[in-house]
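**Student:** Please find one structure pasted underneath; my questions will follow.
The values are calculated or read from the model by the stated rules, or taken from the named source; none is laboratory data. The structure presented is a predicted model; accordingly, all values stated were derived computationally and were not measured. For neighbour counting, all protein chains shown are included, and Cβ atoms are generated from backbone atoms with ideal geometry for every residue, glycine included. Surface areas here come from the heavy atoms of the whole protein model, side chains and all, with no ligands, DNA or RNA. Shrake-Rupley method; radii C 1.70, N 1.55, O 1.52, S 1.80 Å.
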Amino acid sequence: MYPLRRNRRLRQSATVRSLVKETILTPDDFLVPLFVVEGSGIKEEIASMPNYYRYSLDLLAKEVKELWNLGLKAVLLFVKVPDNLKDNKGTEAANPNGLMQRAIKTIKDAVPQMLVMTDVALDPYSIYGHDGIIENGQIVNDPTVNALCQMALSHAQAGADFIAPSDMMDGRILALRETLEDNNFENVGIMAYSAKYASAFYGPFRDALDSAPVDQNDIPKDKKTYQMDYHNRLEALRETRMDIEEGADIVMVKPGLCYLDIVREVKNMSEVPVAVYQVSGEYAMLKAAAANGWLDHDAVMMEQLVSIKRAGADIIASYFAKEAVKLL
């Protein structure tokens with residue numbers, strides 16, 4: 001007696017496999033992180049992120065046009081702030097003529113249709129490298145939220161389409177939503193970093209922005225008092241549910257590959273789109289392995305990206321976006 005169903009019939013050729021493919025990756029799935037610096041004519045490679053760069057505003061405009069021509073329609077902005085503009089309160093973050101605000105305008109001038117999302121957190125602006133204001137050796141929640149609201153408002157005024165709070169302070173989504181509404185920016189969206197874990201995979205990103213926590217006796221050496229403990233699952237669902245209730249339009253899980261179980265659970269319970277951030281450490285590991293000939297770069301890159309989407313991601317923030325769409 002032969003089996004009535006032979007599953008290999010649906011795998012026997014590339015044409016059949018393509019026809020029955022369950023998960024399809026397209027350029028529309030990607031959100032492209034971009035790093036911006038002061039100056040002109042600058043395109044400097046990040047040492048721990050091979051083939052990824054910081055851009056001055058003039059070359060940022062050129063890069064955004066190239067992304068658009070490749071079919072990439074959304075970017076997520078981060079800025080590397082000069083040390084002389086950093087303080088404990090992140091004062092420069094709300095400067096209407098700050099680097100972030102000028103970067104938003106630069107992109108909108110270059111490609112008006114490009115969707116611009118902006119990082120909202122104080123760590124690039126902090127002398128301590130933390131996402132919040134420090135008082136008596138502690139990261140204080142409510143004063144930080146107040147500063148984030150002013151920062152986000154300045155982004156909206158500069159032309160941002162979405163703000164992306166990555167700080168993990170309690171109650172900040174509601175406060176940000178109310179600030180935007182009260183200032184007639186009801187159409188500016190919020191992509192909340194809802195389940196952002198205190199991960200060891202962020203190192204190259206902190207190199208890119210010079211935003212690692214400082215090593216001082218009276219300052220927390222890590223971000224574990226506000227980012228999530230990676231041992232926890234239910235906490236991610238609780239955080240996400242609260243952000244949705246407070247007005248988040250998109251929720252995010254960060255990092256990606258080690259947290260695909262969380263992505264699936266968040267997707268199953270979420271009423272809004274789910275984003276996943278494939279972070280700098282994930283990028284750097286593959287680049288290093290491929291450089292040593294240990295892995296097939298493109299094959300592993302695509303397998304990782306498809307796995308993130310298969311787990312439930314509607315949006316993938318990835319440093320591989322540009323390379324991936326060229327293969328697609």
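**Student:** Rolling a 1.4 angstrom probe over the protein heavy atoms, how many square angstrom per residue are accessible across the chain?
**Tutor:** The answer is 46 Å² per residue.
**Student:** Under a cut-off of 21 Å between alpha-carbon atoms, report the lysines in cross-link reach of residue 105, not counting same-chain residues fewer than 8 places apart.
**Tutor:** Correct list for residue 105: 43, 62, 65, 73, 80.
**Student:** Within 10 Å of each candidate Cβ there may be at most 11 other Cβ atoms; applying that plus a DSSP loop requirement, which GluC sites (Glu not before Pro) in segment 231-328 survive?
**Tutor:** Qualifying residues, ordered by number: 271.
**Student:** Given the chain, what percent of its DSSP beta bridges are antiparallel, to the nearest 5?
**Tutor:** Of the beta bridges lying entirely in the chain, close to 20 percent run antiparallel.
**Student:** Roughly what would the spin-label model give for residue 245 and residue 200, points 7 Å off Cα along C-beta, in nm?
**Tutor:** Taking the simple label geometry, residue 245 and residue 200 are separated by 3.5 nm.
**Student:** Using only the Cα atoms of segment 36-137, what semi-axes does the equivalent ellipsoid have when each is the square root of 5 times a gyration tensor eigenvalue? Give whole Å, largest first.
**Tutor:** Semi-axes, largest first: 26, 15, 12 Å.
**Student:** Quick check: at a probe of 1.4 Å, how many percent of the accessible area of the chain sits on carbon and sulfur atoms?
**Tutor:** 49
**Student:** I want to verify a result. In a Gaussian network model of the chain, Cα cutoff 10 Å, which of these has the top mean-square fluctuation: 232, 97, 217?
**Tutor:** Its mean-square fluctuation being the largest, the pick is 217.
**Student:** Report Rg/Rh for segment 235-328, rounded to two decimals, where Rg is the Cα radius of gyration and Rh the Kirkwood radius.
**Tutor:** Here Rg/Rh amounts to 1.03.
**Student:** Now a separate question. Sort the following peptides by mean Cβ neighbour count (other Cβ atoms within 10 Å, averaged over residues), highest first: 80-93, 5-18.
**Tutor:** Highest-to-lowest ranking by the protection proxy: 80-93, 5-18.
**Student:** Quick one: angle between helix 297-311 and the longest Cα principal axis of the chain, in degrees between 0 and 90, rounded to 10, please.
**Tutor:** The angle comes out at about 80 degrees.
**Student:** Helix-only mean residue ellipticity at 222 nm, the chain, DSSP H runs n ≥ 4 weighted -39,500 (n - 2.57), per residue, nearest 500. What is it?
**Tutor:** -11500 deg cm²/dmol
**Student:** Using Stokes-Einstein with the Kirkwood hydrodynamic radius over Cα pairs, what translational diffusion coefficient do you get for segment 161-240 at 4 °C and a viscosity of 1.567 mPa s, in µm²/s rounded to a whole number?
**Tutor:** It diffuses with D of about 89 µm²/s by this estimate.
**Student:** Another question, if that's okay. Counting Lys and Arg as +1 and Asp and Glu as -1, each charge on the Cβ, what is the dipole of segment 193-328 about the Cα centre in debye, to the nearest 20?
**Tutor:** 240
**Student:** Could you give the dipole magnitude of the chain about its Cα centre, charging the beta-carbon of Lys and Arg +1 and that of Asp and Glu -1, in debye to the nearest 20?
**Tutor:** The dipole of the chain has a size of about 1800 debye.
**Student:** Moving on. Could the peptides 180-193, 116-129, 145-158, 287-300 be put in order, highest first, of the mean number of other beta-carbon atoms found within 10 Å of their residues?
**Tutor:** For the peptides 180-193, 116-129, 145-158, 287-300, the packing ranking is 116-129, 145-158, 180-193, 287-300.
**Student:** Another one. Compute the relative contact order of segment 66-208 as a whole-number percentage, counting only Cα pairs closer than 8 Å that sit 6 or more residues apart in sequence.
**Tutor:** 23
**Student:** Want the number for residue 11 to residue 258: 0.36 nm per residue separation, take away the alpha-carbon distance, what's left?
**Tutor:** Stretched fully, the residue 11-residue 258 segment lengthens by 86.1 nm.
**Student:** Please state the Cα pair-distance histogram of the chain with 10 angstrom bins from zero: what percent is in each bin?
**Tutor:** 6, 25, 36, 23, 7, 3, 1, 0
**Student:** Around residue 112, with a cut-off of 13 angstrom between Cβ atoms, what is the net charge of the other residues, counting Lys and Arg +1 and Asp and Glu -1?
**Tutor:** That works out to +2.
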